[in-house]
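Heads up: the structure comes next, in structure tokens.
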Amino acid sequence: MIASTASIVSTGEATPRQAQVDPLAALRAPGDPPWDVYLTGTVFLDIVFTGLESAPVRGTESWARGMGSSPGGIANMATALARLGLRTSLAAAFGDDHYGEYCWDALEQGEGIDLSPSRTVPGWHSPVTVSMAYEGERTMVSHGHEPPPEEPAPDCPPRARAAVASLLPGRSAPWIAQAASRGTRVFGDVGWDDTGAWDLAALPDLRHCEAFLPNAEEAMRYTRTDCPRAAAHALTDHVPVAVVTLGAQGAYAVDRRTGETAEVPAIDVEALDPTGAGDVFVAGFVTGTLAGWPLADRLAFAGLTAALSVQEFGGSLSAPGWSEIAAWWRKVQSVDGQEPAALRRYAFLADLVPEEVVRPWPLRRAVPTIGFRRSA
């Protein structure tokens, strides 16, 4: 259900095939950029253990009831965007091992992501993350060498409507300014500041961003506030749109240019694995922004896609497609006792969700064993 004055009961059900929906169909015109979204970053192989009763205890062996493997890292965001119908281009380095081959195939062949700016690096093995999910949280262990010295992003990134950039304290990525100067709308993501400074001036590329999407703790630390909503307003001194995720309470956003504010509560679901949910949220918000939706609809859609993702194994391959979204919307309307106010919040989906499932192959999900050969 939605943790608010209005509630929707989520079924967690999804169809096994994804419908092709182009959320930007009405906006496309000759001369448009070839890509809707451009990304660059590191692709990991994620190995996820779920169904643990508790955190592993030193000196003991824990057995997980479930396990899945899937591309991770920047692949989480790229896959989520592609499954929502956006033409997605990714620049990344891939290891020349079986893990790298698997990740490349899963992204290019399985998801239709453009990897022409990417490359396979001889002698470099794929970074790996092992994630253990329990009690709605996760613990991760990662291994990998320093990325190859060549920047995987080209000097002039391809023309795209939007780009998602991971902002790092004290570092500037030249491609971000280049993309923004060519009209690309940049959405800034951020991680934990290990320096402890929490200084917005140390994020030089923030000035090129249209939107900034930190979580509540990050937003409050960066703005020296004790309320995530106050933090969102303070962030609009630095970026036009500030979106602060509130965990189980949903998300809050402010658009300085229009004066809009919006708060949408989270959808309460039984989480199998939260890996990649933040990336799926960003992908949903980018989709709604490019489609020109109102701020509240963008937040609601982002929260819905994130909620659907945590009910599947893995990061990238847990991202929902339009058939999952359609199945959820149809099902919640049939559940007795749904509050009208909550249903109205998602009424914009009625004109978006497909009537039929038309994608010619089922969604890939995280698999326990890479390279396992299925019988014909």
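The values are calculated or read from the model by the stated rules, or taken from the named source; none is laboratory data. A quick note: this is a predicted structure, and the numbers were derived from the prediction, not measured. Cβ coordinates were reconstructed from backbone atoms using ideal geometry, including for glycine residues, and neighbour counts include every protein chain displayed. Just so you know, the surface numbers come from the protein's heavy atoms only, side chains and all, with ligands and any DNA or RNA stripped out. Shrake-Rupley method; radii C 1.70, N 1.55, O 1.52, S 1.80 Å.
Values for this structure:
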quantity	calculated
Chymotrypsin sites (Phe, Trp or Tyr not before Pro) lying in DSSP loop within segment 33-83, provided at most 13 other Cβ fall within 10 Å	W63
Sulfur and carbon atoms: percent of accessible area, segment 21-100 [1.4 Å]	57 percent
Virtual paramagnetic centre 7 Å along Cα→Cβ of R256, amide N under 17 Å, in segment 189-211	189, 199-211
D268 paired with S172, simple spin-label distance in nm, labels 7 Å along Cα-to-beta-carbon	4.7 nm
Within-14-Å neighbourhood charge of F348 [Cβ basis; K, R +1; D, E -1]	+1
Packing rank of 284-292, 256-264, 326-334, where each peptide gets the mean count of other beta carbons within 10 Å, highest leading	284-292, 326-334, 256-264
Length-normalised contact order for segment 96-199 - Cα pairs under 8 Å, 6+ apart - percent	19 percent
Theoretical FRET efficiency, 1/(1+(r/R0)^6), r = Cβ-Cβ of R182 and E61, R0 45 Å, to 0.05	0.25
Gain in span if fully extended, D32 to S54, counting 0.36 nm per residue against the direct Cα distance	2.9 nm
In Hz, Karplus ³J(HN,Hα) per residue of segment 320-329 (6.51, -1.76, 1.60; θ = phi - 60°; x = Gly, Pro)	x, x, 5, 5, 5, 5, 5, 4, 4, 5
Paramagnetic label zone (point 7 Å from Cα along Cα-to-C-beta, Q20; backbone N under 19 Å) in segment 74-95	79-89
Low-density loop positions, trypsin sites (Lys or Arg not before Pro), segment 186-233 - DSSP coil, at most 12 other Cβ in 10 Å	R224
For peptides 341-349, 64-72, 194-202, sequence by mean Cβ density within 10 Å, most packed first	64-72, 341-349, 194-202
Neighbour net charge for L299 - beta-carbon separation under 14 angstrom, K R +1, D E -1	-1
